[in-house]
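Here the structure is laid out as structure tokens; the discussion comes afterwards.
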Amino acid sequence: MAKKEEDILKKLTKAMEEVQTGKRFQHTLGVEFTCAALAMKHDAPIFQAQLAGLLHDCAKCMDDEKLLKICEKKGLPVSEVERRNPYLLHGKVGAYLAKNTYEIDDEDILNAIENHTTGRPEMSKLEKITFIADYIEPGRRTAPNLSVVRKMSFEDLDAALLKILEDTLSFLKSGEGEIDPKTLETYQYYAKQRKKEK
Ligand code: DGI
Ligand code: FE
Ligand code: FE
């Protein structure tokens, strides 16, 4: 790794340690590491994946009020579902902060941060890697089918993605939260794509 890249990672790691709780910071390091591993396996740029992993939850430790306030102040759109469930905004606000505070210009990284909770149709490889790494990182313990999904992630990104979306939707349907149309749309897009391939 080039010295400059090393310095950027070091600086941003320190910045995340400052804005995150201990537990969240451990998750962040786990996602960064898992992004790097998935990038190695699936031929994506490793440094780019590390940056996306490191910054994906940079706005996670803000309370609902703060997230809404930043959106209002900076003109970021807030949907009905997001207004009722402001934690869904931490990706969008995170991408904003990544660009404006952490000086990330790479649109692909910014998209990976923005879409890491709900996904979106037609994700780039980096977006898929970040979405999946967030779910499978070593510190995650509660998700169903975790060992299967972890293995799948190193075999077939789209298959893992679809399984995660499926499990997230059934978790939400079991009464754990209101479904964001974006999560459903993402699931439907990848389910349809999968069917076409068969
Ligand atoms: O920020 P993390 O906890 O690391 O992970 P995340 O950004 O993927 O957020 C995870 C939570 O987001 C998890 O409890 C499921 C939830 N989630 C994903 N899609 C939706 C959703 N919650 C709601 N209400 N609606 C969704 O469509
Ligand atoms: Fe998150
Ligand atoms: Fe996360």
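What follows is calculated from the coordinates using simple rules that are stated; it is not laboratory data. These numbers come from a predicted model, not from an experiment. Counting neighbours? That spans all protein chains shown, and the Cβs are built from the backbone with ideal geometry, glycine included.
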Tell me which GluC sites (Glu not before Pro) from the range 1-107 have a DSSP coil assignment and no more than 12 other beta carbons within 10 Å of their own. GLU103
For the pair GLU18/ASP106, report the inter-label distance in nm, with labels modelled 7 Å from Cα in the Cβ direction. 2.2
Which of the lysines could a cross-linker bridge to LYS3, judged by Cα under 28 Å and excluding same-chain residues fewer than eight apart? LYS11, LYS14, LYS41, LYS99, LYS125, LYS128
If you place +1 on the Cβ of every Lys and Arg and -1 on the Cβ of every Asp and Glu, how big does the dipole about the Cα centre of the range 3-197 come out, in debye to the nearest 20? 280
Where Rh denotes the Kirkwood radius from the mean inverse Cα pair distance, what is Rg over Rh for the range 3-197? 0.94
With a Förster radius of 41 Å, plug the Cβ-Cβ distance of GLN188 and GLU72 into 1/(1 + (r/R0)^6) and report the FRET value to the nearest 0.05. 0.85
Between SER147 and LYS196, 0.36 nm times their residue separation minus their Cα-Cα distance comes to what? 15.0 nm
Taking the chain as a Gaussian network, where each spring joins two C-alpha atoms under 10 Å apart, which residue of CYS58, CYS71, CYS35 fluctuates the most? CYS71
